[in-house]
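First comes the structure, then the notes that go with it.
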Amino acid sequence: MREAGVRFGLLCALIGFLCLTLAVFGFPVVESVQKIGEGAFGSRAGFARTMVQMTPLLLAGCGMVVAWRAGMYNIGGEGQYLCGGMAAASLFKLFPAMPPQALSIGILISGVIGGGAYGWLAGWLYVRRGVQVVISTILMNVIAVYLLDYLVTGPLQESKHQNPQSDRLPELAMLAKFDLQTDFHSGMMVAILVAVAVWFFLYRTVPGFKLRVVGENPRVARANLIPAERVQLQSMMLSGGLCGLAGAVQYSALVGYLSPSFAENWGFLAIPVALLGGLHPIGVIGSSLYFGALLAGTDYLSRSSAGGKSIIFAMQGMAVLAYLGFNYLRSRRAQFVGAES
């Protein structure tokens, strides 16, 4: 009951910050909130847009949770997301005649491997060479962007060599859509299942417990014979794999090809999603839904209001500030109650 009250208080804070942001930018608050809600949930198309935006945020957000819970502050979700997409497109380039069902599954597996390998590299640099994960993953994001540009104009370029993009996936190899009139696709179910699986791993298995212990205090972990470095390396590989899966889902569910525009900052947005979700997989389901609705709603708002699209980043920042401020007040209240007792 108390936890439900906390969540309700955080939701009220988010709504308050949303209204404050609209007011600061000169938007009519009530009308704008109505348009955002209508754009996010007011129609079948709006609901589909929200779910489509939510999917990569949920997958990559779970990736952030795994790494951050292990004390590995992964900022490289975008690079790992791109590597997942590039690995998926490479599989299709190498085996274009593969049966569609096998190709669809292989693409998702390739995405996990591609993103996981890139995350593992950042973890290896930290464990073996002492390179801080924050620094290495930021720089590796840039490398991934340039690698994408190289591949779509070189080895992965479409067969006619006219455009900087890869060949388009056959329709039968793409993830199934729930509604042919919208982009609502089955990748959403994959994301939900992954979030539940990550929760089970972190809170119902021994390896997940060890990962959280390492994140809380590596010295205590080592004192209890937990190989902290190995756990950190594995957490980065798993984190990168989840971000890479997000890239593979986007590739095989929506766009069907790679191009420079494939870099859409989903990996960066996953960081505030993970924080707002309390670094908990189930919480990330709610926070990714919030951000997905915000993206879909402000896109609808921008069609009728000049500058509507430009405030989305301010709203995201305000959401994170709301979460941090709320947690600060909670901790202060806990300290006060402890001192009184």
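Every number here is computed from the coordinates shown, using simple stated rules; none is lab data. Computed from a predicted model, the values in this text were never measured in an experiment. Cβ coordinates were reconstructed from backbone atoms using ideal geometry, including for glycine residues, and neighbour counts include every protein chain displayed.
A few notes on this one:
- For the chain, leaving out every one of the trypsin sites (Lys or Arg not before Pro) that falls in a DSSP loop and has at most 14 other Cβ atoms within 10 Å, the longest unbroken run is 1-159.
- For region 127-224: rounded, prolate or oblate by the Cα gyration tensor [a/c cutoff 1.5]: oblate
- Exposed loop sites, defined as chymotrypsin sites (Phe, Trp or Tyr not before Pro) outside DSSP H, G, I, E and B with at most 15 other Cβ atoms within 10 Å, are absent from the longest region of the chain, namely 179-341.
- Normalised by the number of residues in the chain, the average gap of Cα pairs under 8 Å and 6 or more apart makes the relative contact order 34 percent.
- All Cα pairs of region 15-88, percent lying beyond 21 Å: 53
- Student exercise, the chain dipole from Lys, Arg, Asp, Glu Cβ charges, in Debye to nearest 20: 880
- A cut-off of 5 Å between modelled amide H atoms, ignoring neighbours fewer than 5 places along the same chain, links His185 with Phe178.
- Inverse of mean 1/r across different Cα pairs in region 83-140, Kirkwood, Å: 12.4
- Amide hydrogen neighbours beyond the local backbone of Val131, cut-off 5 Å, H modeled: Tyr126
- Helical segments meeting 24 Å axial Cα length and Kyte-Doolittle -0.5 threshold in the chain (DSSP H): 2-24, 44-69, 77-94, 100-129, 133-152, 187-204, 228-250, 281-302, 312-340
- Binning the C-alpha pair distances of region 125-179 at 5 Å intervals from 0 yields a P(r) profile of 4, 15, 14, 12, 13, 13, 13, 9, 6, 1 %, listed from the shortest bin outward.
- Taking the Cα centre of region 74-185 as reference, the dipole from Cβ charges on Lys and Arg (+1) and Asp and Glu (-1) amounts to some 380 debye.
- Candidates Ser104, Ser261, Ser287, ranked by Gaussian network fluctuation over the chain, Cα under 10 Å, top entry: Ser261
- Here's the picture: charge each Lys and Arg Cβ at +1 and each Asp and Glu Cβ at -1 in the chain, and of Met189, Leu254, Val33 the one pushed furthest to the positive end of that dipole is Met189.
- 3J(HN,Hα) couplings calculated from phi for region 173-186 with the Karplus curve 6.51 cos²θ - 1.76 cosθ + 1.60 (θ = phi - 60°) are, in sequence order, 8, 7, 4, 5, 9, 6, 9, 5, 8, 10, 9, 5, 10, 6 Hz; Gly and Pro show x.
- Coarse-grained scattering of region 161-207 at q = 0.32 Å⁻¹, given as base-10 log I(q)/I(0) from a Debye sum over alpha-carbon atoms: -1.08
- Space enclosed by the convex hull of the alpha-carbon atoms of the chain, per residue, Å³: 163
- Measuring r between the beta carbons of Ser186 and Gln34 and using R0 = 41 Å, the FRET efficiency lands at 0.85.
- Highest-fluctuation residue, Asp179, Asp299, Asp167 considered, GNM on the chain with Cα pairs under 10 Å: Asp179
- Computed with the Debye formula from one identical point scatterer per Cα of region 1-154, without solvent, the log10 of I(q)/I(0) at q = 0.08, 0.14, 0.19 Å⁻¹ comes to -0.38, -0.95, -1.13.
- Here, region 42-127 is characterised by an Rg to Rh ratio of 1.07, where Rg is the alpha-carbon radius of gyration and Rh the Kirkwood radius.
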